[in-house]
1. Give the carbon-plus-sulfur fraction of the accessible surface of segment 2-115 in %, rounded to a whole number; probe 1.4 Å, heavy atoms of protein chains only.
2. Per residue, what accessible area does the chain have, given a 1.4 Å probe and all protein chains present, in Å²?
3. Find the relative contact order for the chain and round it to a whole percent, using C-alpha pairs within less than 8 Å whose residues are 6+ positions apart.
4. Report the net charge of residues surrounding residue 104, where surrounding means a beta-carbon distance below 15 angstrom and charges are Lys +1, Arg +1, Asp -1, Glu -1.
5. Per residue Cα convex hull volume for the chain, in cubic angstrom?
6. For segment 60-122, I need the span (max minus min coordinate) of the C-alpha atoms along each principal axis, in Å, sorted largest to smallest.
7. Between residue 48 and residues 5 or more places away or on another chain, which pairs have amide H atoms under 5 Å apart, with H built 1.01 Å from N, and which residues are they?
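The values are calculated or read from the model by the stated rules, or taken from the named source; none is laboratory data. Fair warning: this is a prediction, and the values are worked out from it, not measured in the lab. Positions of Cβ are generated from backbone atoms using ideal geometry, with glycine treated the same way; all protein chains shown enter the neighbour counts. Ligands, DNA and RNA are excluded from the accessible area calculation, which covers all protein heavy atoms including side chains. Shrake-Rupley method; radii C 1.70, N 1.55, O 1.52, S 1.80 Å.
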Amino acid sequence: QVQLVESGGGLVQAGGSLRLSCAASGRSFSNYGMGWFRQAPGKEREFVAVLTWSGATYYTESVKGRFTGSRDNAKNTVYLQMNSLRPEDTGVYYCAAELLGGSRLVESYHYWGQGTQVTVSS
């Protein structure tokens with residue numbers, strides 16, 4: 001069983017930055033692929049970034065060069081540094097975990113956090 005708790009969301013002006021954190025409980029954190037997803041009002045949850053269990057990181061095209069994912073396995077925590085934020089980045093951001101995972105697909109993840117709201121004003 002893995003429990004995930006996100007933090008770091010908030011209200012920021014366009015062009016600003018936020019750093020999201022996702023703290024995980026449970027064992028063998030390094031064996032989990034950790035995904036970041038977001039959901040805007042009235043839209044489906046979408047992939048943002050994934051940090052695979054093997055150490056690779058992938059991003060959706062719209063955040064490349066602006067967002068950076070990282071993980072600290074000693075602290076059981078993953079991060080999403082978000083720079084140059086845009087109004088279209090607004091939504092609830094979720095982290096998700098899957099053993100030996102690395103998928104961009106929502107349905108691939110078994111464990112989810114409660115989400116943290118990110119609002120970017122224009």
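1. Numbers: 2720 of 5740 Å².
After summing per-atom areas, the C and S share lands at 47 percent.
2. Computed with neighbouring chains in place, this is 51 Å² per residue.
3. 37 percent
4. Summing Lys and Arg as +1 and Asp and Glu as -1 gives -2.
5. 88 Å³
6. In descending order, the Cα extents are 38, 25, 22 Å.
7. 36, 37, 38
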